[in-house]
1. Apply the Kirkwood formula to the chain: the hydrodynamic radius equals the inverse of the mean of 1/r over all pairs of different alpha-carbon atoms; give it in Å with one decimal.
2. Would you list, by chain and number, the aspartates and glutamates whose Cα falls below 17 Å from the Cα of Lys488, excluding same-chain residues fewer than 8 positions away?
3. Relative contact order of region 213-363, please, whole-number percent, based on alpha carbon pairs below 8 angstrom and at least 6 residues apart.
4. Run down the lysines and flag those whose C-alpha is under 22 Å from the C-alpha of Lys354, throwing out any fewer than 8 positions away in its chain.
5. Residue by residue through region 147-154, which ³J(HN,Hα) values in whole Hz follow from phi under the Karplus form 6.51 cos²θ - 1.76 cosθ + 1.60 (θ = phi - 60°), with glycine and proline marked x?
6. In µm²/s, what is D for region 369-439 at 4 °C and 1.567 mPa s, where D = kT/(6 pi eta Rh) by Stokes-Einstein and Rh is the Kirkwood radius from Cα pairs?
7. Taking the Cα atoms only, what angle lies between the long axis of helix 272-334 and the longest principal axis of the chain, rounded to 10 degrees?
8. Can you give me the relative contact order of region 491-609 as a percent, contacts being Cα pairs under 8 Å and 6 or more apart?
Amino acid sequence: MKTSISNLDIQIILKELRSKIVNGLLENIYQTKKNIFLFKIHNAGTRYDLIFEPGIRFHLTKYKYPIPDTPPHYTTMLRRFLKRSRILDIKQRDLDRIIIMTLKSAKGSFNLIFEVFSFGNLILVDDKDMIRLALVYRKMRDRTIKINEKFQFPPMNEQNLMSISKDSFFAKKRDYENKKIAKYLSDTLNIGKELVEEICARSKLNPKDPVSTLSDEELERIFTIIEEIRKTIVNEDFKPVVYYDENGNPISATPFEFMIYQNFKKQFFDTFNDALDVYFAQISEKKLETDAVRDAVDQKLSKLEKRLEEQKAHLENIKRNIEQHKEIGDLIYRYLQILETIRQEAYRSIKNKKKIIDIKAFDKYIEGLPIRIKEINIQKHVILLEIEGKEIELDILQKTSDLGKLHFEKYKKGIKKIEGAKKVIEKTKAEIAQLLDKKHEMEISAKQIIKKRREKRWYHKFRWFISSDGFLIIGGKDAKTNEIIVKKYMDEGDIFIHADIHGAPAVVIKTNGKLPPEQTLKEAGIFAVSFSSAWKEGIGNADAYWVKATQVSKTPPSGQYLAKGAFIISGSRNYMRNLTLEASLGLKILDDSLEIVCGPTSAIDKYCNFYIILRPGDVQKGQLTKEIISIINKYFKDVDVDYNEIQAVLPPGSGRISKIVHKNSGS
């Protein structure tokens, strides 16, 4: 299913709407609750509605969308700059998914930048290229979106579908010999998956085949198709169409007929703007149905989570109360005879109708004991004492032993209450888990899975990551795989790392004869401690050491036995002290494959644009896995991740999410 417009779509959209809105008056701007922007434009006696959904679409619309009574702050600010401004120009930046609208208002001249790639953005830039306003502020590798910063576009591709020459296209083939045809076309022509598949279909080629298999004749055929598509665009020979599957669900909209959709039902339109308008409106309708169910689930989930917090607080309150009863009961029985003597003495004073009792008269009973009489209230029949720092009230009219018995009875009742409270909590947790599973299933069924798992490599059966210096580092998952790593995969020039704690993986840096830098050694050390028993214990820092492979042996001293997964280390150890326990789960999308890896943050940051930083914590591993999947689904609607695959790469035991990092630049 098409989830957003392509760079080629944008070129055709602008060809159609340019004559309609340029020189027009931007009368007003609206923003819906779903973060959709509507621009009301009046030009030559005709009104147009331009719709922009960041990261998804940009086109004219004939549909009405619910507008909130009070505009969001961002829209209010945008109106101050642009309301009743004149649209001087609208263009695409090269063949990127970036649209530049030039406007002039009473406040000055501005460029409104519509970014349709990734999550999208809407940025207002003044005539000095300074950012005045942005929907999303963020710092990226090659640019910063921040008020009063100079606006910079993301890096531009050297060539694209519309500009590349035949010689350049043929020459680029050399750089992609070991890659797939899809990757070659996507990078060289700066086009998306849909158009890549269309070019391959027309060229009678498999996009997954290696570039090295392409003959000169096939390259000629591909370039002929490219020229045909160019000609269609330049001549504006469009035949906009929306495609539907056998159940009537919309699957895509294209400016001209695509061969890859030849077996699907079609609906043709006069303009591509109209086709996209209908397509995205129909998707929205189906999404609204799913959203309604999801909102109901979220609402119930919120109530259950609130109830769970209240139940936990109630349980803690019961625990505090019964501990008090037990402590008081223990103190009463520990000093029972003394306390009973004091009570009886006070009781006699009441019987003798004394109005005041001298507290000092009781000193002889408590001399040398951790007991202090604070007050004797004849009227209320109460003796207030402090025993071993704990304040206790004795009822003068009640036997002290009965009072102790009463506290222990309350303690026993409290124990039963705790069991009942725990059962209620477990029931609520089960309901929450059931709803989370239902929500996860809904999210999976609501999207199309377009990424597949990367083919398995030999080291995928272990824990692994690539260091920031490019070294492969592997670690055992248990005693058996620890044994296999050392016996089968550790070579003479490799480095062995181990956490200075019982219950840790055997970690090996595959050096290939090179000396690993300090950073790689540190990353391997962090890896070793983070996947050790220290994580389960909730420890924040731990030590690790490294030795050469030649210092590691499986041969025990004479007469001794060496357990599976255990090793003998000879010679001196190189210690790395006070390493922070932290692991980052990264998502790496390459060609049409998805790779999930978990390791030290500095290494994951080098290779992944999206990762989740984890620390030891109290969220159970199963629940933590679900939270991670939920985050990934939120950021990547067209990527599916497997529950078991995520759980398999996480550190042992409970944890918590410390931070989410998404580095996004370029279109």
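The values are calculated or read from the model by the stated rules, or taken from the named source; none is laboratory data. Here the structure is a predicted model, which means the values were calculated and not measured. Quick reminder, even Gly has a Cβ in these numbers, built from the backbone with ideal geometry, and neighbours come from all protein chains shown. With ligands, DNA and RNA removed, areas are computed over all heavy atoms of the protein, side chains included. Shrake-Rupley method; radii C 1.70, N 1.55, O 1.52, S 1.80 Å.
1. For the chain, the Kirkwood estimate is 31.3 Å.
2. Output for Lys488: Asp478.
3. Reported as a whole number, the value is 13 percent.
4. Qualifying lysines at Cα under 22 Å: Lys364, Lys374, Lys380, Lys399.
5. Taking θ as phi minus 60°, the curve returns 4, 6, 8, 6, 6, 10, 6, x Hz for region 147-154.
6. So the translational diffusion coefficient is about 82 µm²/s.
7. 10 degrees
8. 25 percent
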